[in-house]
Amino acid sequence: MIETAMSDKALQGPLSPEELTRMDAYWRAANYLSVGQIYLKDNPLLERPLTLDDVKPRLLGHWGTTPGLNFLYLHLNRLIRERALNMMYVIGPGHGGPGLVANTYLEGSYSEIYPHIEQNKDGIKRLFRQFSWPYGIPSHVAPETPGSIHEGGELGYSIVHAYGAAFDNPGLIVACVVGDGEAETGPLATSWHSNKFLNPATDGAVLPILHLNGYKIANPTVLARIPHAELEHLMRGYGYEPFTLEGDDPMVMHQQAAAMFDTIFDRIAAIQKAARGSAKPERPAWPMLILRTPKGWTGPKFVDGKPVENTWRAHQVPLSELREKPEHLRQLEDWMRSYKPEDLFDAKGRLQAELADVPPKGRLRMGMNAHANGGLLLQALKLPNFRDFAVKIENRGAVDVESTRVLGQFLHGVMQANKDQKNFRVFGPDETASNRLQDVITGTGKEWMAETLPVDEQLSPTGRVMEVLSEHLCQGWLEGYLLTGRHGFFSCYEAFIHIVDSMVNQHAKWLKTTREIPWRKPIASLNYLLSSLVWRQDHNGFSHQDPGFIDHLVNKKASVVRVYLPPDANTLLSVADHCLRSRHYINLIVAGKQPAPQWLSMEEAIAHCTTGLGVWQWASNDAGDPEVVMACCGDVPTMEALAAVTLLRARVPDLRIRVVNVVDLMALQPPSEHPHGLSDEDYDSIFPPSVPTIFAFHGYPWGIHRLTYRRHNHDQLHVRGYKEEGTTTTPFDMCVLNNIDRFQLTLDAVRRVPRLAAQVDAAQQWYSEQLQRHKLYVAENGDDLPEVKDWRWQKS
Ligand SMILES: Cc1ncc(C[n+]2csc(CCOP(=O)(O)OP(=O)(O)O)c2C)c(N)n1
Ligand SMILES: [Mg+2]
C-alpha cells in the first residue's frame with residue numbers, strides 16, 4: 001500500500017486522496033526512471049547501497065526540464081483516461097528525453113515496441129544502460145522515442161509542428177510543451193500566430209504549455225523575468241486565454257493541475273462544440289497553460305554549497321563528480337531513494353499493480369498514438385493524369401510559357417481530387433500567386449481565421465493553401481502535416497528558402513534515422529518548388545539572387561535528397577507527379593515562373609525525367625562522335641546553351657556538337673554516392689572522357705564539380721554558373737555578369753576544342769565585340785538586344 005502524508009491544502013481539489021497518492025507515486029516512478037537513465041548502469045532498483053560500479057562512466061543527459069515534463073505527462077494521462085481523448089505530445093525541450101522514455105516505459109508502449117526492454121528488473125536495467133550509451137538511444141526525444149514526431153534538439157519548432165499535426169485532424173489534441181528558453185527563438189515567437197490559421201470546426205486542437213522553469217543552460221529566461229501580468233498580456237495579445245499554474249509543493253500542485261486541466265479541456269471541448277455547430281466558425285481564444293515550477297524540481301537542492309534546484313545549474317547533470325567526490329555519490333543515492341522505489345516497483349521490478357491504471361490503455365497511450373507514426377495512416381494522393389496538363393510542342397522553343405503556371409493547374413487538379421480526403425495542402429510565404437501557382441487557390445481558397453475585409457480575395461476558414469509571411473511557419477506546418485501522415489507542397493522564392501536551412505537539416509536527419517527504424521513507416525516526401533530564380537530577379541536584384549539551397553541539400557544523405565531542375569513545363573509536370581508519389585525524401589524542384597521557351601513533348605519529357613539526364617538528339621549533330629558537349633541544367637542555362645549552339649553552328653558549321661540536358665542533378669554523381677547516379681559506362685558514353693564539356697548550370701558552378709569529381713571526364717569539364725555577380729538589370733545581362741551567357745559559352749567551346757585552336761583569337765575578338773554591343777545597348781535602352789530577346793531556336 002503506497003501512502004503519502006498530505007496537508008489540508010493538498011486535500012482540496014478534484015483528486016480523491018487515493019487518486020492523488022497514486023498519481024504522485026506514478027510521477028515519482030517517472031522521475032526515478034529518468035534519474036536512473038542518466039546515472040545508472042546497474043543496481044536499477046537500489047536493492048543494495050549505490051557504488052561507483054553502478055554508475056555510468058560518462059554522465060550525459062538533461063535533468064532540469066525532466067520533472068516538469070513528467071508532471072505534465074502524468075496529468076495529460078489522467079485527462080486522456082477520463083475523457084478518452086485522442087492526444088499526442090510535442091515536446092519543445094526534447095533534451096528531456098529520459099522523461100519521455102520513462103513515461104512510455106511506464107505506460108507499456110516502450111516494451112511493446114522494444115520487447116527486450118521488459119517490464120521487470122532486467123528491463124529497467126537495460127532501459128537505464130541504453131540511454132546515452134554507444135549504440136543505445138540518444139539523449140533527446142528522438143525518432144526512436146515512441147509517440148514523438150519532434151526531436152526538440154534544435155529549439156524553436158514545437159508549436160509549429162504541433163499545429164501542422166492538428167490541421168485536418170479534427171479529433172486530435174496536440175499537447176505541446178514549449179521551453180521558456182525555446183520561446184526566445186524567432187520561429188517559436190512567430191509560431192503563436194498559428195492560431196489564426198486553425199479552424200476549430202475542421203482542425204484539431206493545440207494546447208501550448210509554456211514550461212516556465214525560469215532558466216536555460218546558463219541564464220534566466222526572458223519570459224520568467226518579466227512581470228507575470230506582462231507575460232499573460234503577451235499571450236492574450238497572441239490570441240490565447242492564458243492559465244497559470246505555479247508552485248513547488250507536489251501534492252498541492254497535483255490538485256491544482258487536475259482542476260486546471262479539467263477547466264482547460266472543458267474549454268477546448270466547448271470551443272469545438274460551438275464551432276462545429278456553427279455555419280461560420282469564428283477564431284476563438286484557445287486556452288494555453290503557463291506552468292511555473294522549479295527547474296530540476298525534486299532534484300538536489302544544493303551541490304557543493306551552491307543552489308541547484310530552481311536554478312540554471314539543474315539543466316544537465318546536477319551531480320557530476322561522483323568519482324572525485326564521495327559526497328556526490330551519497331547525494332545521488334539520497335536523491336534516488338527520495339522517490340521511494342521500493343514502494344513503486346515490486347520485487348521483480350514491475351510497476352506496482354495499483355499504479356497500472358494511472359496511464360490510459362492501448363491506442364490512447366501517447367506513446368502509441370498512430371498520428372505520431374504518420375506512415376501508418378498515410379493514404380496515397382489521388383493524382384490526376386499530369387499528361388492532361390501538357391503543353392503542346394509544335395515547334396521546339398517557338399512559344400513561351402510560364403512553366404510554374406502549368407504546374408499550378410496540375411496542383412489545382414491534385415487539390416480537387418483530394419478535397420474529400422483532406423490530406424493535401426500547399427504552403428508558401430505569401431508567394432503562391434507570385435510564383436504563378438495561383439490556380440491552385442481556386443475553389444479551395446487560402447486558410448484564414450482572422451478578420452476579413454471586402455477587399456480580400458480567396459480567404460476562407462476552410463482554405464487549403466497556407467500563406468503566412470514566415471518561411472519557418474510554412475516549413476514547420478508542412479513538416480508536422482507530413483509527419484502525421486499527410487501530403488504537401490511548399491513553394492518559395494529561391495533566395496529566401498535559406499531561412500529554413502536549419503529546419504531542413506533537422507527534417508533530413510529525422511528522415512534518415514526513421515528509415516532505419518523498422519516500426520516507423522515511410523511518410524510522404526517534403527516537396528519544394530523554388531521559383532523566382534536567381535536569373536530573373538527583374539523587380540528585385542542582388543538581395544534576391546541565391547541558388548545555394550541546392551548545395552545545402554546536396555550535403556544531406558543520398559538516401560534522403562533528390563534535386564530536379566526541369567528545363568520546361570512538361571518536364572516540370574513529370575517531375576512534380578513523381579515527387580508527389582514518392583516517400584520519405586526531400587525533393588527539391590527548381591523551376592522558373594517567367595515566360596520561357598518549351599522544348600520537350602510530354603512523352604519526351606517523361607523519358608528524359610526517367611533517365612535523369614540525356615542527349616538531346618534533336619539539338620545535336622555529333623553523329624555519335626562529339627567534338628564538344630554542351631551540357632545544361634536549369635531553364636535559363638538551357639536556353640543559353642541552346643543559343644550558344646546556334647551561334648557555334650553559324651561560326652563552325654561542321655563542328656560536331658552534342659547537347660546534354662540534366663534534369664535530375666543527382667544522376668551526375670557516381671552510383672556509389674547516390675542511388676540516382678548514372679553508371680560510369682553510361683556516363684562515359686554521354687560525356688566521353690576525352691571530349692570537352694561546357695556545362696551551363698543554374699546554381700553555383702562548384703556544385704557540379706563536386707558531384708562529378710570522380711567521373712572520368714572531370715578534367716574536361718568546364719562549368720559556368722552563378723558566381724555572386726548580380727544587381728537589378730536585364731535578364732540577359734545577369735547571364736553576362738556571371739559569364740553564363742551564350743557569347744561566353746560559344747567562346748568557351750571554341751577555346752576548348754583542339755581543332756579550333758586557330759580560331760580562338762578571332763572568337764575572342766568577336767566575344768569582346770558582342771559584349772560591348774550588349775553593354776551599350778542595355779545601358780542605353782534599359783532592355784536586352786532584340787536579337788537576344790527575340791531569339792528562337794533553329795535547328796540549323
Ligand atoms: C536553436 C538552439 N539554440 C541553442 C540550443 C542549445 N540549448 C540546448 S538546451 C538550451 C536551453 C533551453 O532552455 P529551455 O527552453 O528553457 O529548456 P529547459 O529549461 O526546459 O531545459 C539551449 C540554449 C539548442 N538546442 N537549439
Ligand atoms: Mg527553461
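The values are calculated or read from the model by the stated rules, or taken from the named source; none is laboratory data. Note that the structure is a prediction, hence the values are computed from the model and not measured. Note: ideal-geometry Cβ built from the backbone for every residue, glycine included; neighbour counts use all protein chains shown. Only protein heavy atoms, including side chains, enter the accessible area calculation; ligands, DNA and RNA are left aside. Shrake-Rupley method; radii C 1.70, N 1.55, O 1.52, S 1.80 Å.
May I ask you to rank Asp266, Asp748, Asp388 by accessible area, largest first, using a 1.4 Å probe over the protein chains only?
Details: Asp266 85, Asp748 10, Asp388 120 Å².
Greatest to least solvent exposure: Asp388, Asp266, Asp748.
Given a Förster distance of 60 angstrom, what is the FRET efficiency for Ser278 paired with Ala757, based on the Cβ-Cβ distance and rounded to 0.05? Could you put the intermediate results ahead of the total?
Working: r = 80 Å, r/R0 = 1.33.
Plugging the Cβ-Cβ distance into 1/(1 + (r/R0)^6) gives 0.15.
Would you kindly calculate the mean projected area, averaged across all directions, of the convex hull enclosing the Cα atoms of the stretch 651-796, in square nanometres?
9.8 nm²
In cubic angstrom, how much convex hull volume per residue do the alpha carbon atoms of the stretch 53-141 span?
Working: hull volume 9.7 nm³, N = 89.
Dividing the Cα hull volume of the stretch 53-141 by its residues yields 109 Å³.
Could you work out how far apart the two model spin labels at Ala270 and Lys361 are, taking each label as a point 7 Å from the Cα in the direction of the beta carbon, and quote it in nm?
3.3 nm
How large is the Kirkwood hydrodynamic radius of the stretch 376-459, counting all unique pairs of alpha carbons, in Å?
Details: mean 1/r = 0.0677 Å⁻¹.
Its Kirkwood hydrodynamic radius stands at 14.8 Å.
Quick one: Debye curve from the C-alpha atoms of the stretch 599-705, no solvent, what's log10 I(q)/I(0) at q = 0.19, 0.24 Å⁻¹?
Per q value, in the given order, log10 I(q)/I(0) is -1.00, -1.52.
From the alpha carbon gyration tensor of the stretch 497-590, can you work out the equivalent ellipsoid semi-axes (sqrt of 5 times each eigenvalue) and give them in Å, largest to smallest? Don't skip to the end; give the middle numbers.
Numbers: eigenvalues 140, 56, 15 Å².
The answer is 26, 17, 9 Å, longest axis first.
Applying 1/(1 + (r/R0)^6) with R0 = 60 Å to the Cβ-Cβ distance of Thr442 and Ala353, what FRET efficiency is obtained, to the nearest 0.05?
Working: r = 60 Å, r/R0 = 1.00.
Step by step, r from the Cβ atoms, then E = 0.50.
Per 20 Å bin from zero, what fraction in whole % of the C-alpha pairs of the chain is there, up to the bin with the longest pair?
16, 41, 28, 14, 2, 0
Compare Thr462, Thr444 by solvent-accessible area with a 1.4 Å probe and give them largest first, with all protein chains kept in place.
Working: Thr462 80, Thr444 15 Å².
These residues rank, largest area first, as Thr462, Thr444.
Based on C-alpha coordinates, I'd like the Rg and Dmax of the stretch 185-313, in Å.
17.3, 63
Multiply the residue gap between Ala650 and His712 by 0.36 nm, knock off their C-alpha separation, and tell me the result in nm, one decimal place. Let's see the in-between values first.
On the way: separation 62, 0.36 × 62 = 22.32 nm, distance 3.07 nm.
Gain on stretching Ala650 to His712: 19.3 nm.
Would you kindly derive the ³J(HN,Hα) couplings of the stretch 506-519 from the backbone phi angles with the Karplus curve 6.51 cos²θ - 1.76 cosθ + 1.60 (θ = phi - 60°), listing them in order in whole Hz, with x for Gly and Pro?
Ordered by residue, 3J(HN,Hα) equals 5, 5, 4, 5, 4, 5, 4, 5, 5, 4, 9, 10, x, 7 Hz.
Let me know the Rg and Dmax you get for the stretch 124-195 when you use only its Cα atoms, in Å.
14.8, 44
What is the angle, in °, between the Cα long axis of helix 602-611 and the longest principal axis of the Cα atoms in the chain? Nearest 10 is fine, range 0 to 90.
So the helix axis and the longest Cα principal axis differ by about 60 degrees.
Out of every Cα-Cα pair in the stretch 489-648, what percent are more than 25 Å apart?
On the way: 4804 of 12720 pairs.
Distances greater than 25 Å cover 38 percent of the Cα pairs.
The stretch 124-215: which chymotrypsin sites (Phe, Trp or Tyr not before Pro) are DSSP loop and have at most 10 other beta-carbon atoms within 10 angstrom? Before the final figure, lay out each step's value.
Values: sites: Phe128, Phe131, Tyr135, Tyr157, Tyr163, Phe167, Trp192, Phe197, Tyr215; in loops: Tyr135, Tyr157, Phe167.
Qualifying residues, ordered by number: Tyr135.
Note down the nm distance, to one decimal, between modelled labels 7 Å out along Cα→Cβ at His705 and at Glu230.
Result for the modelled spin labels: 5.3 nm.
Give the Kirkwood hydrodynamic radius (Å, one decimal) of the stretch 451-498, defined as one over the mean of 1/r across all pairs of different Cα atoms. Mind dumping the intermediate values first?
Values: mean 1/r = 0.0798 Å⁻¹.
So the Kirkwood estimate lands at 12.5 Å.
Report the Cα centroid-to-centroid distance between the stretch 584-660 and the stretch 299-370 in angstrom, as an integer.
That distance is 64 Å.
How large, in percent, is the carbon and sulfur part of the accessible surface of the stretch 441-569 at a probe radius of 1.4 Å?
Values: 2190 of 4100 Å².
After summing per-atom areas, the C and S share lands at 53 percent.
When only Cα pairs under 8 Å and 6 or more residues apart are kept, what is the percent relative contact order across the stretch 355-464? Can you show the working numbers first?
Numbers: 96 pairs, mean separation 22.3, N = 110.
Computed value for the stretch 355-464: 20 percent relative contact order.
Calculate log10 I(q)/I(0) of the stretch 12-66 for q = 0.21 Å⁻¹, where I(q) comes from the Debye formula with a single equal point scatterer on each Cα and nothing for solvent.
-0.82
Defining a contact as two alpha carbons under 8 Å apart and six or more residues distant in sequence, what relative contact order in percent does the chain show?
On the way: 1677 pairs, mean separation 86.6, N = 796.
Result for the chain is 11 percent.
Viscosity 1.002 mPa s, temperature 20 °C: give me the Stokes-Einstein translational D for the stretch 64-193 in µm²/s, with Rh taken as the Kirkwood radius over C-alpha pairs. Numbers along the way, then the final one.
Numbers: Rh = 15.3 Å.
Taking Rh from Cα pairs, D becomes 140 µm²/s.
Please give the helix 97-106 orientation as an angle from the longest Cα principal axis of the chain, in degrees from 0 to 90, rounded to the nearest 10.
Long axis of 97-106 versus the principal axis of the chain: about 60 degrees.
For the stretch 549-596, what does the relative contact order come out to in percent, with C-alpha contacts under 8 Å and a separation of six or more? Walk me through the numbers before you get to the answer.
Details: 40 pairs, mean separation 21.7, N = 48.
After rounding, I find 45 percent.
Work out the P(r) tail for the stretch 309-407: percent of alpha carbon pairs separated by more than 22 Å, whole number. Don't skip to the end; give the middle numbers.
Numbers: 3403 of 4851 pairs.
Roughly 70 percent, rounded to a whole number.
So what's the Cα pair-distance distribution over the stretch 1-123, bin width 5 Å, in %?
Per 5 Å bin, starting at zero, the Cα-Cα P(r) for the stretch 1-123 comes out as 2, 10, 17, 20, 21, 16, 9, 5, 2, 0 percent.
Among Met734, Ala619, Val561, which residue has its Cα furthest toward the positive end of the charge dipole of the chain, with +1 on Lys/Arg Cβ and -1 on Asp/Glu Cβ?
Val561
Quick one: length gained pulling His539 to Ser690 fully straight, 0.36 nm per residue minus the C-alpha distance?
50.1 nm
Divide by every residue of the chain the summed helix terms, -39500 (n - 2.57) for each DSSP H run of at least 4, and state the resulting mean residue ellipticity at 222 nm, rounded to the nearest 500 deg cm²/dmol. Spell out each step's value before the answer.
Numbers: 24 runs with 281 residues, N = 796.
The per-residue figure over the chain is -11000 deg cm²/dmol.
If packing is taken as the mean number of other Cβ atoms within 10 Å per residue, what is the order of 421-429, 539-547, highest first? Walk me through the numbers on the way to the answer.
On the way: 421-429: 22.8, 539-547: 16.6.
Those peptides, ordered most packed to least, come out 421-429, 539-547.
For Leu473, Leu771, give me the order by solvent-accessible area with a 1.4 Å probe, most accessible first, ignoring ligands, DNA and RNA.
Numbers: Leu473 0, Leu771 30 Å².
From most accessible down to least: Leu771, Leu473.
Using a Förster radius of 51 Å, what is the FRET efficiency between Glu394 and Glu184 based on their Cβ-Cβ separation? Nearest 0.05, please. All intermediate terms of the calculation are to be shown ahead of the outcome.
Values: r = 59 Å, r/R0 = 1.15.
After rounding, the FRET efficiency stands at 0.30.
Could you give me D for the stretch 180-237, from Stokes-Einstein at 20 °C and 1.002 mPa s, where the hydrodynamic radius is the Kirkwood radius over C-alpha pairs? Units µm² s⁻¹, please.
For these conditions, the coefficient is 167 µm²/s.
Helix 121-130 sits at what angle to the longest principal axis of the chain, using alpha carbons and giving 0 to 90 degrees rounded to 10?
So the inclination is approximately 40 degrees.
In nm, give the distance between the simple-model label positions of His116 and Glu327, each being 7 Å from the Cα along the Cα-to-Cβ direction.
4.1 nm
Hey, any idea what Rg/Rh is for the stretch 248-382, computing Rh the Kirkwood way over Cα pairs?
1.10
Step by step: find N for the stretch 101-259, compute 2.2 N^0.38 Å, then divide the Cα radius of gyration by it. What's the final number? Could you put the intermediate results ahead of the total?
Numbers: Rg = 18.0 Å, N = 159, 2.2 N^0.38 = 15.1 Å.
The value comes to 1.19.
Give me the Kirkwood hydrodynamic radius of the stretch 232-297 in Å, from all C-alpha pairs, to one decimal place?
13.4 Å
Which loop GluC sites (Glu not before Pro) in the stretch 440-481, with loop taken from DSSP, have no more than 10 other Cβ atoms within 10 angstrom of their Cβ?
Sites meeting the loop and neighbour criteria: Glu451, Glu457.
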